[in-house]
Every structure is written in C-alpha cells, then in structure tokens.
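K.L.:
Supplied in structure tokens, the structure appears directly below.
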Amino acid sequence: MKNISPRVVLWVNRFIFLVLVALLPSMPFILFWYSHIRTLTGIEYLAILIAFYICAVITGVALWKMEQLLRNILRDEVFIRKNVRHIRCIQWCCALVSLVCLPASFFYLPLVFMVVIMAFLSLVISVVVKTMEAAVA
C-alpha cells in the first residue's frame, strides 16, 4: 500500500513521455493550425518551433531521470547518492528549459511564463537536492 503514490507518478510520468513523443512529429502541424487562430509571423513560428524541439529533448532527459528516481524509490532505495544525482539533473533540466525559452520569449511573449515557471521550479528543486544531500550524508 505504501508504494501506490510512486507507482501512480511513475505511470503519469510514462504517459507524459508518450504525449511528448506524439507531439514531436505533429508540432509543426499544431503550430500551423494555431497560427490561424493567433497570427504568427514567420520568426515567431520558427522561435516557438525551435524552442519546442530543444525543450522536448531536455524534457525527455528529465522524464528519464524521474523514471530512474521513481524506480529506485519503489525498490526502497530512497536516500542514496544516485537519487541526489537524478534530482540534480532534473533541476538543471528545468533551468535549461528556462534558458532556452528566454530568447524565444522575445519573439513570442507568452513564453515568458515558461521562463518564470521553470526558473522557479529549478530553485525549488535545488532546495530538495540540498535536503536530499544532507539526508544521504
């Protein structure tokens, strides 16, 4: 019964990964459709597309690290150095997504929200990393 929450998160993580994989080939079409709802210039379209594909790779890495972390937790390997490394990698992935979206937000302003959210998430996760490091030590 105690492993229900990590199992649910593991399956949600896998579902998000599948959604990400499905978006890879379809993003140009989705963005083309969106450009009919909200007019996008060519540079805005390109900025969103480039940012998406770079962020998709980074997000894939973060999801993989989350998978490894959750598998360790399900094996009752919680306070180990390997998990600290996984969480730190997820933190850096959040920071990288924020940095990738920053220049793209000059071309498409709503990406500023992604910059702020991911930067904040990176800071929150850095606190978790420090806490985990202390617990492991």
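K.L.:
State the label only: which of (1) 25, 18, 13; (2) 33, 18, 10; (3) 21, 19, 14 corresponds to semi-axes √(5λ) of the Cα gyration tensor in Å computed from the shown model?
P.N.:
Given (1) 25, 18, 13; (2) 33, 18, 10; (3) 21, 19, 14, the calculated one carries the label (2).
K.L.:
Still on this structure, please answer the following. Find the accessible area per residue for the chain; the probe is 1.4 Å, ligands and nucleic acids are left out, and the unit is Å².
P.N.:
Values: 8740 Å² over 137 residues.
Per residue, the chain has 64 Å² of solvent-accessible surface.
K.L.:
Over the Cα atoms of segment 34-81, each weighted equally, I'd like the Debye log10 I(q)/I(0) at q = 0.19, 0.24 Å⁻¹, rounded to two decimals.
P.N.:
Listed by q, the Debye log ratios stand at -0.68, -0.85.
K.L.:
Separate question: Packing-wise, with mean Cβ within 10 Å as the measure, how do 93-106, 119-132 rank, highest first?
P.N.:
93-106, 119-132
K.L.:
Tell me the carbon and sulfur percent of the accessible area for the chain, rounded to whole percent, probe radius 1.4 Å.
P.N.:
Carbon-and-sulfur percentage of accessible area, whole number: 78.
K.L.:
Here's a follow-up. Compute the acute angle (0 to 90°) between the alpha-carbon long axis of helix 111-136 and the principal axis of greatest extent of the alpha-carbon atoms of the chain; round to the nearest 10°.
P.N.:
The helix 111-136 is inclined about 10 degrees to the chain.
K.L.:
Tilt of helix 81-105 relative to the longest C-alpha principal axis of the chain, in degrees (0 to 90, nearest 10)?
P.N.:
That helix lies at roughly 10 degrees to the long axis.
K.L.:
Another question about this same structure. With Cβ to Cβ distances under 14 Å as the rule, what net charge do the other residues near VAL136 carry (K, R +1; D, E -1)?
P.N.:
Computed value for this residue: +3.
The values are calculated or read from the model by the stated rules, or taken from the named source; none is laboratory data. Only a predicted model underlies this, so the values are computations on that prediction, with no experimental measurement involved. Backbone-built Cβ (ideal geometry, glycine too); neighbour counts: all protein chains shown. Accessible surface areas use protein heavy atoms only, side chains included; no ligands, DNA or RNA. Shrake-Rupley method; radii C 1.70, N 1.55, O 1.52, S 1.80 Å.
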